[in-house]
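Here's the structure we're looking at; comments come further down.
The values are calculated or read from the model by the stated rules, or taken from the named source; none is laboratory data. From a predicted model like this one, the values you see are computed outputs, not experimental measurements. Here the Cβ positions follow ideal geometry from the backbone for every residue, glycine too, while neighbour counts run over all protein chains shown.
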Amino acid sequence: MVGIIMGSISDLKVMQGAVDILEKFQVKYEIEIVSAHRTPEKMVSYASEAESRGLSAIIAGAGGAAHLPGMVASCTVLPVIGVPVKSSNSIDGWDSVLSILQMPNGVPVATVALNASMNAGLLAIQIMSTADSELRKKLHNYKEELKEKVNQMNVELNSAK
C-alpha cells in the first residue's frame with residue numbers, strides 16, 4: 001500500500017495523477033491532507049506509524065516551502081517520493097522543487113518533476129515491484145503500451161501526408 005499525502009486540498013488536482021496510476025496498477029493506497037506547518041503532530045504520527053500500517057512508500061506533495069516530504073522522510077525508513085507543487089504561494093514552483101530536492105545527506109527524498117505526481121506513483125510501483133513479480137509484469141506491459149502509443153502516433157503522422 002502507498003500513502004499519498006499533501007499539504008492542502010488545493011494540491012489534490014496535482015496529486016490525482018498518483019491516484020490514477022496506482023488505481024491503473026491496482027495498487028492499494030490511502031490519501032490524506034497532512035500539513036507540515038499546520039498539523040505537525042499529525043505529520044510526525046503519520047510518518048512514524050506508516051510502516052506499522054503496512055505502507056511500502058509515501059508520496060508527499062507540497063507547494064511553497066514544501067517541507068512535508070523531507071520532514072516525513074526524517075520520521076520513517078520508508079521511501080518518500082516528493083512531488084513539488086506549483087501552488088498559489090509558490091515562486092513559479094522553484095521554491096517547491098528546491099525545498100524537496102536539496103535534502104541533507106542521511107535523509108533522502110526521491111524528487112520528481114514539478115506537478116509530476118503520476119511519475120511519483122510509477123516510481124512507488126517500481127520500488128514495490130522489486131519484491132512483487134506480478135507488479136513487475138504489469139510494469140513490463142505498461143512499457144509496451146507506451147511503445148505502442150508512439151508507434152500509433154507515427155502511423156497517424158505518416159497517414160496525414
Exercise. Of all residues in region 126-161, which are more than 20 Å from the chain's Cα centre (by Cα) and part of a loop (DSSP other than H, G, I, E, B)?
Worked result: 160, 161
For this session: Would you confirm whether any residue within region 118-125 is assigned by TED's automatic domain parsing to the domain that holds residue 46, part of a loop (DSSP other than H, G, I, E, B) and either at pLDDT 95 or above or not hydroxyl-bearing (Ser, Thr, Tyr) (or both)?
Result: no
Exercise. So which of 107, 85 is closer than 17 Å to residue 36 by Cα, touching a Gly at 6+ places or on another chain (Cβ under 7 Å) and in contact (Cβ under 8 Å) with a residue 60 or more places away in the chain?
Worked result: 85
Exercise. Considering only region 13-65, how many residues are assigned to a helix (DSSP H, G or I) and basic (Lys, Arg)?
Worked result: 3
Exercise. Take the residues of region 74-97 that are more than 16 Å from the chain's Cα centre (by Cα) and of a type in the set (A, V, I, L, M): which is modelled with the highest pLDDT?
Worked result: 77
Exercise. Looking only at residues in region 23-60 that are within 10 Å of the chain's Cα centre (by Cα) and in contact (Cβ under 8 Å) with a residue 60 or more places away in the chain, which one is surrounded by the fewest Cβ atoms within 10 Å (Cβ to Cβ)?
Worked result: 57
Exercise. Just one of 131, 65 is among the hydrophobic types (A, V, I, L, M, F, W, C), modelled with pLDDT under 95 and more than 21 Å from residue 17 (Cβ to Cβ); which is it?
Worked result: 65
For this session: Output the residues belonging to region 10-22 that are without any contact (Cβ under 8 Å) to a residue 40 or more places away in the chain and surrounded by 13 or more Cβ atoms within 10 Å (Cβ to Cβ).
Result: 12
